[in-house]
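Working notes, structure below.
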Amino acid sequence: MTLRAVVDPNVFISAQISSLGHPARIARAADRGIFELVVSERLLSELRDVLMRPRFRRHMTESEVENLVEDLREKGIGAEEGEIERMVPGDPKDDYLVALARVSGASYLVSGDPHLTAASLDTATVTVLTPSRFSEMLEEPH
């Protein structure tokens, strides 16, 4: 069974800052199709907007940011969040990630955001995993 996951844009941002560590492993696994990556225009837009900020210019050029976003759009499974319920205590801007995971049938939402990882999300179908746990899971035999 192939793993299907929504990956928080911040995981991809961390992967661009350092080619080492769990976020970078997840980005490489997504690139190689080791798991089914679910994306939406909102997720890709957030990723682009953050990486275009001046403080990220030393890590990526504008062209590299656009190429990354297009690559994720092409390799990912496109979905839209639909109706977004209030799900994440303390950080409503992340509600769309939970909605995207639910609507797409993803089993996992990968995030290092403590609002997501510590929250008791009312979702029987989506498991929130830290990047380290998801990275380890990708290495386990399925």
Within the stretch 62-73, is there a residue that is at pLDDT below 95 and buried (at least 17 other Cβ atoms within 10 Å of the Cβ)? no
Cβ-Cβ below 7 Å, separation at least six or inter-chain, first residue in the stretch 59-82 and assigned to a helix (DSSP H, G or I), second of a type in the set (Lys, Arg): which pairs? VAL65/ARG48; VAL69/ARG48
Checking PRO54 against (1) touching a helix residue (DSSP H, G or I) at 6+ places or on another chain (Cβ under 9 Å); (2) farther than 30 Å from GLU140 by Cα; (3) at pLDDT below 95, which single condition isn't satisfied? (1)
Looking at (1) assigned to a helix (DSSP H, G or I); (2) within 28 Å of GLU139 (Cβ to Cβ), which one does VAL38 not meet, given that it meets all the others? (1)
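Let's see how each residue does on (1) surrounded by 15 or more Cβ atoms within 10 Å (Cβ to Cβ); (2) among the basic types (Lys, Arg); (3) out of contact with any strand residue (DSSP E or B) (no Cβ under 7 Å at 6 or more places or on another chain); (4) farther than 24 Å from VAL98 by Cβ:
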residue	(1), (2), (3), (4)
PRO9	yes, no, yes, no
SER14	yes, no, yes, no
ARG32	no, yes, yes, yes
GLU36	yes, no, no, no
LEU44	yes, no, yes, no
HIS59	no, no, yes, yes
Hey, among the residues in the stretch 17-32 that are among the small types (Gly, Ala, Ser) and in a loop (DSSP other than H, G, I, E, B), which one's nearest to LEU3 (Cα to Cα)? GLY21
Hey, could you check the stretch 1-16 for residues that are part of a loop (DSSP other than H, G, I, E, B) and closer than 15 Å to LEU109 by Cβ and say which is modelled with the highest pLDDT? ASP8
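The values are calculated or read from the model by the stated rules, or taken from the named source; none is laboratory data. In this text the structure is predicted, and so the values were computed from the model without any measurement. Please note: Cβ atoms are built from the backbone with ideal geometry, for glycine as well, and neighbour counts cover all protein chains shown.
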